[in-house]
Structures are given as structure tokens and as C-alpha cells.
């Protein structure tokens, strides 16, 4: 895809612009106060930068929904590779391109944007790697459950897609850290599976959360959602194929 | 079919006129090698495809013309040019005396287009809703609309799917509904681009019936492309053949057979499982004691061939028949394939 | 022409109504999804404003007004841009413009009417209006006739700016079908993402970019500054409508150029997805 036209790079420029705007908003919010919700401005900026750099892994989209909608799921099932492996490998390939043309430049531009890109500590970096892997597992499981939902509901994907994106963005803490939510909302939002997508790894990276607790929570959701997803997939498999056909 | 409200339409004359039409496209040729990514980005390679080269023909009112050719020959490009979707690179296209691109809105109200791979129906709505949509957008008078809906129901059997969502129609039902919809405004010319692609025999038959009925009125001109040559031969009195963008033949089917080889078949039933050898005839195959030969040209002497066979075995029965038109076409394609230099578009 | 436009809008309203009411489950689900999307898309900034009592230099009530304005400004493009009319690059890039070209009406008329779905997005209109009214009352905003006129002009300007901007990116598909399809979606999403944020803290370069090339600032931030008196002077009230006119002119120009090119090259791709569904 990328080889066809350099104009694709503009998409990444737009992401950079969005990041710069969000960083400016946070600076304004924290201008009059040192700390909020246990976070200082430096942590929030690092948190936002990393959310921008890792936008794809922190909100996994395998393309299953589109595949179902277009009926391409049938041809996927004829490939000599598991369905999850097929979608995940394709998704990972897209990430590599995004990482090279967007994430890496964002990381390199961090000093220019006035953001410290480094993790809170060496241990935080190590835990973060594990947390990110668990976030991807939870993300993929949620994506497959979402695919099952559109097949069961037999509805148009664009209707659900808008809702899913908006809800996930809010509840995962990818834009506004959950710790900054009013009325202590962030505390219970953290327990939802969406919290395992972005909030947990980003908190660990910035040293804003207790790594073992967050990792345990992520591991729970990863296990529970994978088991649930497998069951749902078995039940709705036929329906998914007929929906896609 | 009544056309009382279209009294202004002349009964004869040229309605489609293509003069020296050329159409070229540029096609990107990206390399798949990872080391060429930068070159693909900054200095991509292109090739020029000549979709049509110096194509000229005319079509008279009321004619049913088959527009045929192998894949990539330029059939769909021609239909797009005639529908006002594309402008020729050079040459001129005039249909009903109108430049289809320059006066598109006036023009498309007088034609109907059906693409076999595309549907004009609204996917999540019943067929009836799509027809109503067409009535409003095309500004079709109520009387004509009701009458043409009747035609669609009667000839194409659209009535049975009238309240079915388009997305739930079978391919055949969808195509029939699409054809019926294309007819609602009583177009003067109907362009059908592979309308029977993927259809079963019954669906093809109802399509054919409608086109025949239209041509019987003499006031509707039909240009139809298809790969099913038998179907085209049944439908059209004239065939225009296009190959690699150039006009290769324009005439009737009998002439096509004459020009590209009047393939006939000789079938001998003998008392021997071994097929007799016949000079001037090529053995196609044997089934038990029934042997089929391919004869080339109208001049083959069947009596002499039968006599020759009689010298080798006892001939119980002799049959001759024309080879299917598909076989003539396959011969033409093979011939063109051999002539075409390798590496061209 | 006006009569024809009205007839076509009535037709598409009928189609939209029939689609929504095709069965009870879909009806409920449709509006539920609409409501959840509308609320979730602004909830982040809303909660942030609540937590910090505003986003400096905007007070909490001003932020609420800005969020409401952004929701309502987005409603019109959403209502007019269904069936990928707002994301027209998808239809151009997928060869679906041919379906419009066989209709006996100008392409612009088809584009202006075909995406009309008045029942869509109603649940983003109601909370948007509610937020503005509530915040306006709390701020003691005086809705004089001249202010209401300025408000209407700016709201129309914001909506028109978004549509023109989406069209500009979309018409790029005439020249680069695949690339534009990708970029156009991201460009429109960026406007949606940033429309609820006060952008005062941005540097002058970035701020200019977000008022011109990527006019996210015109969606709510700049017009609300002018309407709420954060920018003094009458001239500020005219910036959004004027920018919208400029963007519309640019979109028209791009459209004409694109149509000329489409007649020459057409589309070598075709997919039926996203078209009339």
C-alpha cells in the first residue's frame, strides 16, 4: 500500500499534528497546578506522547469487522492458517509500517515537542513490555468479540464502529488518563477490560500506577476474554460466515 | 411496449457514431521488491495502455448489436465512453446526436446502462424503494412508471421480489431487477455490459426475452457485451469484435464464421472403435464407435470423406453440424494470441 | 431547481425513515448506538472540564458551550453526508461515481441530496443543543437578535467549513484514488477529534494550521471564542463564515478539476462496498 504513493505519509503527519495539539492542551490544564490525580505535567505529557506513538497496539483493530462485512472471511477460512493468526499477523505487518513512518519520527521529535520520552525507571520499562503484550492480547480478544457481535446482531459495521471507537477511546484512557477523571470515576473505569488496553501500560511506563496490580488485572482480562471469545466464536462461527457471505 | 409518449423519436437513422476513437490510460507498475520501496514512492514506473485504438463504427436505431472481444479488449471502456462516463483521448463519440460527456445530464436521461457486476439498487431497501427512487431522480411520469413496472414484473418476474431487500436477492433476481429498473424511463438506447455474467439458464432466458421484445419494437437500440457467444448470436443480428483495443470485425455472425473459419463437425458412427483416418478432417474424439471430426472451411467434401471412411470400416450413420459459435471464437482468440507480440498491454 | 432539490431531499428522507424503521430491534439499536457515540465522543473533554473546572483560559461553562457547539456543527455534515458522501474519496476511489454519472442530473445535485438522512444523528443534536442552552444560561449569555444572527452564521460556517474541507480531501481522490481514500478519512477524523478542545495554548504556527489547512479550530473553538466574547471585536465573528466561503470555493474548484480528470481517466477500480448501504 505504502509503496504506491508517498501521499500516504500525510496520514502520519496528521497524527503528529493531533499529538502536538493534545500536548498543548495538557500544558494549559496543568499550567496553574503542579499535580492532579497523582500525575504531574511531565508524566501526563509522556503518557500522551506514548499513547500517540503506540496508537495502534493500544487499540487493536485486526480488520475482522471489515472482512466480515465484505464477505472476505470465507476466503480467510480457506487459508491454511488459524483465523486469529491470520488477522494478527496482518495487523502486525501494518504496525511495522506505522512504526517506521510515524512512531519512530514521533519518538525522535519528542525533545522538540518538549516531552521526555523515557520511562520512569528501568523496571517500569521491563514491566511495560509485558503490559503492552497483554494489552494486545486483550485488544485482539475484544476485536473478535466485536466481530461476533456484528454477526449476531446482523447490523452494519459503521454504526457499531463509531460507537466502539468513541467508547474505547474514552474508557481506555488513551486520550484522558483515567486518574484525571472527576468524581473518582477513573478508579472503577480501571477495572473494566478497556482499562487494560491503554491505561495500564501507559501508567506503568510513566510510573503512575502499581505495576504488579495492573499486570494482574490485565492478565485476568486477557485470560477471561480469550476463553469467552473462543466460546463465542464456536457458537457464532456459522453465523459469521453466513453474515459475511 | 407502448412508446406513445416518445413520438418525437425518429424511427430510423444512426444513433451511435464512433469516429477514430482512441483511449489511453496510464498504469502504475510498482515493484514488489522491498529494496524498491523508495523508488516506488519517489519515481514510480508507469506504462501506457491503449484501451482503444482508432475504433470507428455506427449503430442504427433499433439494431441489437453484440459487442464482443476477449478480456481486456476494451469492451467496458467503450460502454463507458458511450455512457458519458469517459471522454475519448482522441476521436469523437456521438450518441443520439449528443456528445455524451459534454451534455451528460440531458443525454443519460435517454439511455439505460446495466453493468453486470454493479447494481443500481439500494442495498438495504426493497426493490420497490429503488424503483421509486429512480422515478423521482429520473422524473418519470407516473403513467410510464406504472406501465414499465408492469413490464418488469411480467417479463422479468420482478414482482416476486418486489418487497425483498436488494441485499437478499440472488444474483439472477438482482440482475433482473436491475434490468427492469434500467428500463423504467424507456431509454432509447440500452447499453448492457455483461448482463448475464454468473446467471443461470432461466435468468439468462428472461433477459434474452426482454431484449428480443425490445428489439421487436424497432425503436430501442441495444448494445450488449458478453462472453457467452451463443447468447449473443441468439440476441443480436450484428456483432462488433474488438481485440487489443482495435476493431477486428463488424458484421453478422454468418460472416464471422466465414471470415474466421466455418468450423463444421462430421460425426461418423461405424462398426469399429478405431476411428478411420480422414485426410482433410481432424479427429476431435471418439465415444465408443462414434467418431467426431473437425472440418475446416465450407468446401470440405462430406460425401468423399464418408466414402473414404467406408473403405476403412462400415459406416452406419453420418451427421454434420456447425461447430458452436464459442468454438469459432476460441479459434479466433487463439489466433490473435499467437499473433500478439509478448509484453504488450 | 429549488423544487427539485426539495423533492430529492424528501425522497432521501423517506428512504432514511424506511431504513431506520425496518424492524424494531434495528430501530432501538440504531438510536442507542447514535446516543452512545454522541455522548462518548465529548465525554472526555466534558469530564476534564468538570475535573479542572474548565480548561484555561476557558471556564467550565464555556467549555460546555464549546462542546455543544461542536456537536451541533457536526450534525449537519453528518445528516448530509451519508452513504459516504461526506467521505466522497471512498466513492470516487472505488469507481462508484459512475453510478452518479448515469443519473440525469448534475453531479453536485446528486452529492448535495444523496447523503441526506435526517433521522441520522438526531441524538447528537439534542444533547448538543442542550449543552449550549444550559451553559448559556449558567453564563448569563444574552441572546440578542444580533447575537443569534452571529451564532447562526458561525454555526452554518462551521458546518460548511467541515463539509468543504472533507470535500477538498475527498476530491483529491480524482487524482490519487487510493491514497486520498486513506488520508481523507484521517483528515476528517482529526477535525472530529480536536473539535472539542480549546486550542488557545497552541503555538502560533500550529494554531494557524488548525485554522486554515486543517481547520479543526473552525469547528467550535474559534467561533465560540468570538461568540462568547473571548475575542473582542466584530471582525472575529466573520472569520468562520468567511473561511467557510473560501473553503467552499476551493472545494468547487477542486471538484471541477477533478471531474475534468475523471472524464479522461475514469476509475480502474470498482467495489460496491460503502455505496448505497
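The numbered conditions (1) within 14 Å of chain B (Cβ to nearest Cβ); (2) buried (at least 22 other Cβ atoms within 10 Å of the Cβ) are all true for residue C:48 except (1).
I'd like the residue in the range B:171-208 that is part of a helix (DSSP H, G or I) and touching a strand residue (DSSP E or B) at 6+ places or on another chain (Cβ under 7 Å) and, out of all such residues, is farthest from residue B:76 (Cα to Cα). This residue is B:183.
Scanning the range C:14-36 for residues that are within 22 Å of the chain's Cα centre (by Cα) and surrounded by fewer than 14 Cβ atoms within 10 Å (Cβ to Cβ) yields C:17, C:32. Residues that are crowded, with 18+ Cβ neighbours inside 10 Å and not in a helix (DSSP H, G or I) do occur in the range C:139-153.
Report whether or not residue C:107 is touching a residue at least 12 places away in the same chain (Cβ under 8 Å) and more than 14 Å from chain B (Cβ to nearest Cβ). No.
Within the set B:345, B:254, B:330, the sole residue that is modelled with pLDDT under 85, under 26 Å from the mean Cα position of the chain (by Cα) and not in a helix (DSSP H, G or I) turns out to be B:345.
For the range A:29-53, a tally of residues being within 17 Å of residue C:53 (Cβ to Cβ) and out of contact with any helix residue (DSSP H, G or I) (no Cβ under 7 Å at 6 or more places or on another chain) returns 5. In this structure, is residue A:88 assigned to a helix (DSSP H, G or I) and either closer than 14 Å to residue A:115 by Cβ or within 12 Å of another protein chain (Cβ to nearest Cβ) (or both)? No: the conditions fail for residue A:88. Residues in the range B:61-95 that are away from chain C (no Cβ under 13 Å) and not in a strand (DSSP E or B) were compared, and the one that is surrounded by the most Cβ atoms within 10 Å (Cβ to Cβ) is B:69.
Evaluation of residue C:265 against the conditions (1) in contact with a strand residue (DSSP E or B) (Cβ under 7 Å, 6 or more places away or on another chain); (2) surrounded by 20 or more Cβ atoms within 10 Å (Cβ to Cβ) shows that the sole unmet condition is (2).
Of all residues in the range C:228-237, none satisfies the criterion of being part of a helix (DSSP H, G or I) and either at positive phi or at pLDDT 95 or above (or both). Considering only residues that are within 12 Å of another protein chain (Cβ to nearest Cβ), over 18 Å from residue A:172 (Cβ atoms) and assigned to a loop (DSSP other than H, G, I, E, B), look in the range A:19-77 and name the one that is modelled with the highest pLDDT. My answer is A:31. Of the helices (runs of 4 or more DSSP H) contained entirely in the range A:110-215, those carrying at least 3 residues that are over 11 Å from the mean Cα position of the chain (by Cα) and within 14 Å of chain C (Cβ to nearest Cβ) fall at A:122-153, A:157-171, A:185-189. Entry remark, the range B:96-114: residues being over 20 Å from residue B:24 (Cβ atoms), touching a helix residue (DSSP H, G or I) at 6+ places or on another chain (Cβ under 8 Å), at the interface with chain C (Cβ under 8 Å from one of its Cβ atoms) and not in a strand (DSSP E or B) number 2 in total.
If you go through the range C:238-258 and keep only what is more than 17 Å from the chain's Cα centre (by Cα) and either in a loop (DSSP other than H, G, I, E, B) or crowded, with 18+ Cβ neighbours inside 10 Å (or both), you end up with C:239, C:254, C:255, C:258. In the condition set (1) over 18 Å from residue C:37 (Cβ atoms); (2) touching a residue at least 24 places away in the same chain (Cβ under 8 Å), residue A:182 is compliant with all but (2).
For the range C:54-63, the criterion of a residue being at negative phi, assigned to a helix (DSSP H, G or I) and within 12 Å of chain A (Cβ to nearest Cβ) is satisfied by at least one position. Which members of the range C:64-95 meet the condition of being in a helix (DSSP H, G or I), over 19 Å from the mean Cα position of the chain (by Cα) and within 13 Å of chain A (Cβ to nearest Cβ)? If the condition is that a residue be in a helix (DSSP H, G or I), over 19 Å from the mean Cα position of the chain (by Cα) and within 13 Å of chain A (Cβ to nearest Cβ), then C:93 is the only one that fits.
The rows are residues; the columns are (1) farther than 28 Å from residue C:262 by Cα; (2) touching a residue at least 12 places away in the same chain (Cβ under 8 Å); (3) touching a strand residue (DSSP E or B) at 6+ places or on another chain (Cβ under 7 Å).
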{"position": "B:90", "(1), (2), (3)": "no, yes, yes"}
{"position": "B:96", "(1), (2), (3)": "no, yes, yes"}
{"position": "B:118", "(1), (2), (3)": "no, no, no"}
{"position": "B:127", "(1), (2), (3)": "yes, yes, no"}
{"position": "B:134", "(1), (2), (3)": "no, yes, no"}
{"position": "B:141", "(1), (2), (3)": "yes, yes, no"}
{"position": "B:149", "(1), (2), (3)": "yes, yes, no"}
{"position": "B:154", "(1), (2), (3)": "yes, no, no"}
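Remark: residue B:124 falls outside the filter, which requires a residue to be more than 22 Å from the chain's Cα centre (by Cα), at positive phi and either buried (at least 21 other Cβ atoms within 10 Å of the Cβ) or within 12 Å of chain C (Cβ to nearest Cβ) (or both).
Is one or more of the residues making up the range B:47-60 assigned to a loop (DSSP other than H, G, I, E, B) and either buried (at least 22 other Cβ atoms within 10 Å of the Cβ) or assigned by TED's automatic domain parsing to the domain that holds residue B:20 (or both)?
No: zero hits.
The values are calculated or read from the model by the stated rules, or taken from the named source; none is laboratory data. The shown structure was predicted, so the numbers you read here are calculated from the model rather than taken from an experiment. Every residue, glycine as well, gets a Cβ built from its backbone with ideal geometry; the counts of neighbours run over all protein chains shown.
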